[in-house]
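One structure is given here, and the rest of the page talks about it.
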Amino acid sequence: MSRTRTALLAAMALVAGATGSAIAAVPGDAGAAAVPCTVDYKVQNQWDTGFTASVTVTNHGAAKSSWAVKWSYAGNQKVTSGWNARITQSGANVTAANESYNATLASGGSATFGFQGSYSGTNAVPATFTLDGVTCNVDGGGGPTDPPDPTDPPPGNRVDNPYDGAKVYVNPEWSANAAAEPGGSRIANEPTGVWLDRTAAINGAGGKMGLRDHLDEALEQKGSGELVVQLVIYNLPGRDCAALASNGELGPTEIDRYKSEYIDPIKTILADPKYASLRIVTTVEIDSLPNLVTNVSPRATATPNCDVMKANGNYVKGVGYALNKLGDVPNVYNYVDAGHHGWLGWDDNFGASAEMFKQAATAEGATVADVHGFIANTANYSALKEDHFSINETVAGKSVRESKWVSWNRYVDELSYAQALREKLVSLGFDSKIGMLIDTSRNGWGGANRPTGPGATTSVDTYVDGGRYDRRFNTGNWCNQSGAGLGERPQASPEPGIDAYVWMKPPGESDGASKAIDNDEGKGFDRMCDPTYTGNPRNDNNMSGALPDAPISGHWFSAQFQELMKNAYPPLS
């Protein structure tokens, strides 16, 4: 979202302030043909003693296998932390050198990095930048004399919480499947997410509705009020590197296809003025970024595919690109996937994952302003709130954290995790108004096995196991879980910091096949969907807990739907 302008602006003075920048001629301007590089430096957030900034450098010369951007501050600014580059400072002089995953800088290519800094007095933007010792012109903006980028959304167009005061789109295809099940009419009118899980889904495949079909139907449902449409953006290269059931159509290196064939067409449709009255919530690339923290070497849970995706940087690039492009549409609200407490709640995962989210949110031209919030527990089963034990309790001389179930996790449920993660993300520079979504489509854990009180105090394990709602063998189990039930119905603003409880995963749609099934959707067979599988390090070598006879991911699974209704909590009437 850089701003371009004519060569006449090159003589203008620096503009100080929260979005200030140095201004100079850029490629395409008269006389600018020899410009070797451009730098877009934006101060994104600024407060009394600190600020965050995003820097994008574009190389107009020969391709580079490594790079370093340098500048000097006129004031007392100090860089305190950074992402997407190795940033060092000596006095007023700052150097930002590439990381291993973004070392290549093609001719015409760009790299984006960011940092947090401190200052006192004024926070003037640097006057000069160099790329590998060669002076660049500067293309940044936001000052009073800086014309807006026509792709930037008008200020104030988005509401704080898109779910407040709005209905939410009911997918007629899912609704028909639900209504066709015995008892399914009780929930057939609940709103669920629309999954764009391959390029063909944009225009509709196999007789299913395409994106425009859903948006047209949403306009019909909207009437004169407000309506939210929930989309799942889910087609990264090398998708789901630690699982096989939902591997996608794009190989690990096909980032350009992801951009041009998937994200760009989606943006074109969402930006159609016909749909400007809809509130479009995008949940961006579930099960991607957390893998780069938990499932890479040297951890025991590492997979070769995740090592590849961390090394090539295409998860970070893909998420950043999606946030940047979709964030340009004024009525789109981007929510980034944030895993769940049983994945990222441990001390060595929690902070590192938040940093990874920040890295992706400032890649490929994206900024933290392109992120409206985060979503937890998407397509997962973690209980919303465990009432019968807490992380602060001690039983039989041991902390609840020492129990086999909690296993030193810092959180025991999704609500506490989501609220804590929100605070962490705000501390890293995300807007203080970001909101969280929690997917409650399958985390009710009701029915006859739902505990009504704490377990016996014989040991910390009997206490926790006897009282926990979540009846899985392990929080690492994710595929078609036996005994699961529908959770809280979708609702807006249920708790502080939570924008909504949502059913982003449509109940009754399979997580993956319980045995190998040939298909043309790029979806493999994962043993975690096999009820006979005895596990791996990612679920502490427990049984998978999966239901038998499941179809491939995304296909209707009647037996699962019936079980979810039977075990719903709150119960269905």
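The values are calculated or read from the model by the stated rules, or taken from the named source; none is laboratory data. In this text, all values refer to a predicted model and were calculated from it rather than measured experimentally. When we count neighbours, we look across all protein chains shown, and the Cβ atoms used for this are built from the backbone with ideal geometry, even at glycine. Calculation scope for accessible area: heavy atoms of the full protein, side chains included, ligands and nucleic acids excluded. Shrake-Rupley method; radii C 1.70, N 1.55, O 1.52, S 1.80 Å.
Below are the figures for this structure:
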| read-out | value |
| --- | --- |
| Normalised alpha carbon radius of gyration of the range 31-83 [divisor 2.2 N^0.38 Å] | 1.42 |
| Pairwise centroid distance, computed over Cα atoms, of the range 371-425 with the range 478-545, Å | 18 Å |
| Hull shadow area, averaged, the range 302-342 [alpha-carbon convex hull, nm²] | 3.9 nm² |
| Distance between modelled label sites at S185 and A92, nm, 7 Å Cα→Cβ extension | 7.6 nm |
| Span-like helix ranges in the chain, DSSP H, alpha carbon extent 18 angstrom or more, Kyte mean at least -1.0 | 314-327, 347-361, 414-427 |
| Enclosed volume per residue, in Å³, of the convex hull spanned by Cα atoms of the range 287-438 | 117 Å³ |
| With every protein chain in place, the chain: carbon and sulfur % of accessible area (1.4 Å) | 51 percent |
| Solvent-accessible area per residue, Å², over the range 295-369 with all protein chains present [probe radius 1.4 Å] | 27 Å² |
| Entries of K167/K424; K317/K433; K310/K404; K325/K515 with Cα pairs more than 27 Å apart | K167/K424; K310/K404; K325/K515 |
| The range 489-573 - accessible surface per residue (Å², probe 1.4 Å) | 42 Å² |
| The range 288-295 - phi-based ³J(HN,Hα) in whole Hz, Karplus 6.51/-1.76/1.60, Gly and Pro as x | 10, 4, x, 4, 6, 9, 9, 10 |
| Charged-residue dipole, Cβ positions (Lys, Arg, Asp, Glu), the chain about Cα centre, Debye nearest 20 | 720 debye |
| Using distinct alpha-carbon pairs, which all enter the 1/r mean, Kirkwood radius of the range 391-468 in Å | 14.5 Å |
| Nitroxide proxy distance, nm - points 7 Å out along Cα→Cβ at A396 and E355 | 3.8 nm |
| Cα gyration tensor of the range 478-573 - equivalent ellipsoid semi-axes, whole Å, descending | 26, 16, 14 |
| Solvent exposure of the range 421-467 as accessible area per residue, Å², 1.4 Å probe | 39 Å² |
| In sequence order, calculated HN-Hα J values of the range 121-138 (Karplus, 6.51, -1.76, 1.60; Hz; x Gly/Pro) | x, 9, 10, 5, 6, x, 7, 9, 10, 10, 10, 6, x, 9, 5, 9, 7, 10 |
| Range of Cα positions in the range 205-322 per principal axis (Å), largest first | 55, 28, 24 |
| Residues whose placed amide H lies under 5 Å from that of D499, excluding near-sequence neighbours | M436, L437 |
| Sum of side-chain charges, Y169 neighbourhood, beta-carbon under 14 Å (Lys, Arg +1; Asp, Glu -1) | -3 |
